[in-house]
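Asks: Just passing along the structure, written as structure tokens.
No lab work stands behind these numbers, since they all come straight from the coordinates. Note that this is a predicted model, so its numbers are computed, not measured. Glycine also receives a Cβ, built like all others from the backbone with ideal geometry; neighbour counts cover every protein chain displayed.
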Amino acid sequence: MNVRIAAAAYAIATGEEVVDDILERERSRIESALSPLSPESRQKAVAGLGLNRVRVCGDKQLYDLISEAASKAIAEAAIKPRDINLILDFSTWSAETSEGLSFAHKLGADLGAENSMVLSFKVGGCAGLHVAIKTALGWMSTDESIQTVLLITGDAAPPGNRSLLPITIHGDAASAVVLRRESDQGPLLLGVEAMTLSHLHNAITIARKNGHFDIVVDAMCIEREVMPVYFLNMLRMVNRALDASSLSLKDIDHFIYSNISRRDREAFGKMLGLPKGSLPVTPMSEYGHTFASDLVINYVNMRREGLIHPGQLLLFASAGIGFTWGVTIARA
């Protein structure tokens, strides 16, 4: 199929919190999460984050951000809401949807996208974009009437849960991507790969405790079970996507990766054998890690800065809860 990323947009929360203040405020939670680790591992967990502050929902709630991102993407794609055949929401978690329908249902109604099928799932976390694209392509391949798909995601940390150490610090954001069949606008999708190791699903979970929600990070599971295979499986997905597209690593012009931490981004580059500093600068230090919106934020900013040119090859990669790894390759 000829399916392109016809548009992509994001919306960032307007509130702001300094990372050092978050670490101080959530100190007891952080110490409890890191207590099973060795002193060396605990020290490493807070080093190399590369995050100065994060954006947090204030006057604008998460749904407002999703609606803003979706409206931007629809305008960029030059389509009308009634042209959308499928809305797919892959948000990981929000208090706004924890007890009810997904954002996609409300968004479809508010946009007037009366012709759209509405789906949602909470699989993949930071790698959810790849799962969403693969899901959309599956629907498009079996139903020719699905010409246009709107992918949306938005995530806001539960109160008191900004710190996800030993991994990252959570910022609030939303993003939207429009996929179109037989279009001449935007990068052409060449391949999408994703995998999940379900026995690692407890590495990061969202649980209700004493009437409120917490993001629970199992530091020992991360250290002993996830990290030994983290980049091995990422490389596996990269190679699988390249092989399926008849490409090699040297063909890729731009690598678009998550904003988990400076340490993580450096390790990703090292895994691929890229020269130090090869990955483009991102707004990570100001926005924090925004789950699956990271990839859209980084892609949109690269495009705004004129770094992406026609014909260039883009490799999107990320991993998240589930535990899930994903890679998408597209030609600009």
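Asks: Tally Lys and Arg at +1 and Asp and Glu at -1 over the other residues with C-beta under 13 Å from the C-beta of residue 113: what net charge comes out?
Replies: -1
Asks: Oh, and also: Given 20 °C and 1.002 mPa s, how large is the Stokes-Einstein diffusion coefficient of region 180-304 in µm²/s, with Rh as the Kirkwood radius over Cα pairs? Show your work: numbers first, answer last.
Replies: On the way: Rh = 17.0 Å.
For the chosen part, D equals 126 µm²/s.
Asks: A further question on this structure: Return 72, 270 ranked ascending by Cβ neighbour count within 10 Å, so the fewest neighbours appear first. Write out the running numbers ahead of the final one.
Replies: Numbers: 72 18, 270 11.
Starting with the residue having the fewest Cβ neighbours, the order is 270, 72.
Asks: Something else: Where is the GNM fluctuation largest for the chain (alpha-carbon springs, 10 angstrom cutoff): 264, 89, 184?
Replies: Between 264, 89, 184, it is 184 that shows the largest mean-square fluctuation.
Asks: Please work out the C-alpha center-to-center distance from region 167-218 to region 276-323 and express it in whole Å.
Replies: 14
Asks: May I ask you to derive the relative contact order of the chain, considering only C-alpha pairs under 8 Å and at least 6 residues apart, and to give it as an integer percent?
Replies: Details: 723 pairs, mean separation 89.2, N = 332.
Rounded, it is 27 percent for the chain.
Asks: Still on this model: Which residue fluctuates most in the GNM of the chain (Cα springs below 10 Å): 115, 259, 85?
Replies: Highest fluctuation of the listed residues: 115.
Asks: Could you give me the radius of gyration and the Dmax of region 1-138, taking only the C-alpha atoms into account and expressing both in angstrom?
Replies: When restricted to Cα atoms, region 1-138 yields Rg and Dmax of 18.8, 56 Å.
Asks: State the Kirkwood hydrodynamic radius of the chain in Å, one decimal place, computed from all pairs of distinct Cα atoms.
Replies: Working: mean 1/r = 0.0502 Å⁻¹.
Evaluated on the chain, it is 19.9 Å.
Asks: Provide the packing ranking of 249-256, 165-172, 282-289, i.e. peptides ordered by the mean count of other C-beta atoms within 10 Å per residue, highest first.
Replies: The peptides rank, most packed first, as 165-172, 282-289, 249-256.
Asks: For Cα pairs less than 8 Å apart in space and 6+ apart in sequence, what is the mean separation divided by the residue count of region 1-148, i.e. the relative contact order in percent?
Replies: 26 percent.
Asks: Using the 2.2 N^0.38 Å rule of thumb for compact globular proteins, work out how region 260-325 stacks up: its C-alpha Rg over that value, please. Before the final figure, lay out each step's value.
Replies: On the way: Rg = 12.4 Å, N = 66, 2.2 N^0.38 = 10.8 Å.
With N residues counted in region 260-325, Rg over 2.2 N^0.38 Å equals 1.15.
Asks: How large is ³J(HN,Hα) for each residue in region 180-189, as worked out from phi by the Karplus curve 6.51 cos²θ - 1.76 cosθ + 1.60 (θ = phi - 60°), to whole Hz, x for Gly and Pro?
Replies: Going residue by residue, I get 9, 8, 6, 10, 10, 10, x, x, 7, 6 Hz, with x marking Gly and Pro.
Asks: Hey, another quick one. Beyond a 30 Å Cα-Cα separation, which of these cross-linked pairs lie in this structure: 80/134; 60/276; 134/270; 72/122; 60/209?
Replies: As for pairs spanning more than 30 Å Cα to Cα, those are 60/276.
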